[in-house]
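The values are calculated or read from the model by the stated rules, or taken from the named source; none is laboratory data. Everything numeric in this text was worked out from a predicted model, so none of it was measured. Cβ atoms come from the backbone with ideal geometry, glycine included; neighbour counts cover every protein chain shown.
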Amino acid sequence: MKAGTFKISWRNIGRNKKRTALALLAIAVGQFALLATNSIMRGYSDNIRLAITGPMIGHVQVHEPNWTEERAIDLYLDDVDEMITEIQKDESVNSAAARLYAPVLVAPQEEAFIASVVGIQVEAESKAYGLLSGFDEQLEKRKVLIGHRLAKKINAEPGQEIAVIGQAADGSLANDLYIIQDIIKCPVDLINQSGIVMSLDDAQELFVMPNEAHEIVIRNKIAGQSEAVADRLKKLPILDNTEIKPWQEIVPELVLILKYSDYTGYFVLFIIFFAAIAGIANTLMMSTFERFHEFGMLLALGSSPYRLVRMIIFEAVLIGLIGVLLGTVFGFTFVAATSNTGIDMASWGGNGGQAGDMGYMGLNLPLFIYPRIAGFDIIIGLVTVLFTSLVACIWPSWVAGKLEPMEAMRA
């Protein structure tokens, strides 16, 4: 490679500054669009994963084999305390908590409303990503927490006494009086809409389920180990005759959404491809035709046609690299400006941004997202632009390589 070839290429891209600037702008906008789109979708995917594996579902769940389909109150796990003790011996498990679910009628006064009791282990569920994450109070005996939407529906207030009526696991009538300790807004839509949260001990006593529960929610230390942890737990003797599933099997629809969101950036790649090939090809073709006389002089002075081809290739690559660099700078600036403050996607839908989350399958999927960029996004944009730069310079290079010195000098 001759040093002069590169210098000439560098000089040539600055000959027509407006034309080069337009080509650089097209590439930079495409690269920025890729980084911005992927960072937003990655932040949204993070929200979905946290919503799935956080408060409601966890990374792995243990049930009685028919519970998932029927959700009958008498399909419960026995000896849950012993099960949890064995589960927590796995070095990858961060926490394991038992839950009890039961449909009930709740009567704050004379009128009764349909609701759902959720019995939980308060200490475990108050930790990060638990059902009561951030709840720093102790849930007192015979006191309950009410989802804010249910509280509004039944006109309930803290300190009010309510009657809870349902069917116990043994078929008897379950009924008792409880005091509303607080009204909560939970990341789980089921709790907000119809949830009456009480301690697991109170729920077991109400529904005659001593040391029994309907599910055990397991959270791992590392999110990507869900399937491996589930496979190991299936080998525990105490978990024989139970159903053990990683979250990917529990909510396959949401897994599909995550996969589709990962592919969004590939659509933006088409924008980059066409922007790069149009901008670079136009710049190089105009530049090539304008320099026929110069190319003829170089050929007459002994330059080979291959040197002209290399010059044009260098120009294409330089324009592509500079465009990608500018787009990357814009992309990082966008992510840096929004990764800490976040983006409220609810405000995009108008109505003053009143919708703070989106409910789906009993989960709240937050619409306030924090964009996150990955090195792969930059690399894929760079590779795409370099490839299209080489494609775009094929025709100008072929024209330059076929020039005859005398004909070019007369052009």
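Ser126 passes all but one of (1) over 16 Å from Glu205 (Cα atoms); (2) in contact (Cβ under 8 Å) with a residue 60 or more places away in the chain; which number fails?
It is condition (2) that Ser126 fails.
Condition (residue is more than 20 Å from Leu254 (Cβ to Cβ) and of a type outside the set (Gly, Ala, Ser)) applied to the stretch 45-58: is it met by at least one residue?
Within the stretch 45-58, none of the residues are more than 20 Å from Leu254 (Cβ to Cβ) and of a type outside the set (Gly, Ala, Ser).
Taking helices (runs of 4 or more DSSP H) that fall entirely within the stretch 203-279, which contain at least 3 residues that are within 30 Å of Thr384 (Cβ to Cβ), modelled with pLDDT under 90 and out of contact with any Phe, Trp or Tyr (no Cβ under 9 Å at 6 or more places or on another chain)?
Correct list: 252-262.
Exactly one of these conditions fails for Asp74: (1) touching a residue at least 12 places away in the same chain (Cβ under 8 Å); (2) within 34 Å of the chain's Cα centre (by Cα); (3) part of a loop (DSSP other than H, G, I, E, B); (4) surrounded by fewer than 21 Cβ atoms within 10 Å (Cβ to Cβ). Give me its number.
The number of the failed condition is (2).
Select from the stretch 2-44 the residues that are polar (S, T, N, Q) and at pLDDT 80 or above and write down the one among them that is farthest from Gly224 (Cα to Cα).
Gln31
Of all residues in the stretch 238-247, which are surrounded by fewer than 17 Cβ atoms within 10 Å (Cβ to Cβ) and within 14 Å of Asp90 (Cβ to Cβ)?
Once the filter is applied, which keeps residues that are surrounded by fewer than 17 Cβ atoms within 10 Å (Cβ to Cβ) and within 14 Å of Asp90 (Cβ to Cβ), the stretch 238-247 yields only Ile238.
Does Gly119 satisfy being buried (at least 23 other Cβ atoms within 10 Å of the Cβ) and not aliphatic (A, V, I, L, M)?
Yes: the conditions hold for Gly119.
Among the residues of the stretch 228-237, is there at least one that is under 21 Å from Ile154 (Cβ atoms), surrounded by fewer than 23 Cβ atoms within 10 Å (Cβ to Cβ), in the same structural domain as Ile154 (by TED's automatic domain parsing) and within 25 Å of the chain's Cα centre (by Cα)?
no
Being in a strand (DSSP E or B), touching a residue at least 12 places away in the same chain (Cβ under 8 Å) and under 28 Å from the mean Cα position of the chain (by Cα) is the requirement here; does Gln61 meet it?
When the stated conditions are applied, Gln61 passes them.
Which one of the conditions (1) assigned to a helix (DSSP H, G or I); (2) at pLDDT 70 or above does Ile373 fail to meet, given that it meets all the rest?
(1)
Whether any residue in the stretch 84-94 is under 26 Å from Glu70 (Cα atoms) and in contact (Cβ under 8 Å) with a residue 24 or more places away in the chain is what I want to check.
Yes - at least one qualifying residue is present in the stretch 84-94.
When you check Thr68 against the structure, is it more than 25 Å from the chain's Cα centre (by Cα), closer than 30 Å to Glu227 by Cα, part of a helix (DSSP H, G or I) and modelled with pLDDT of 80 or more, yes or no?
yes
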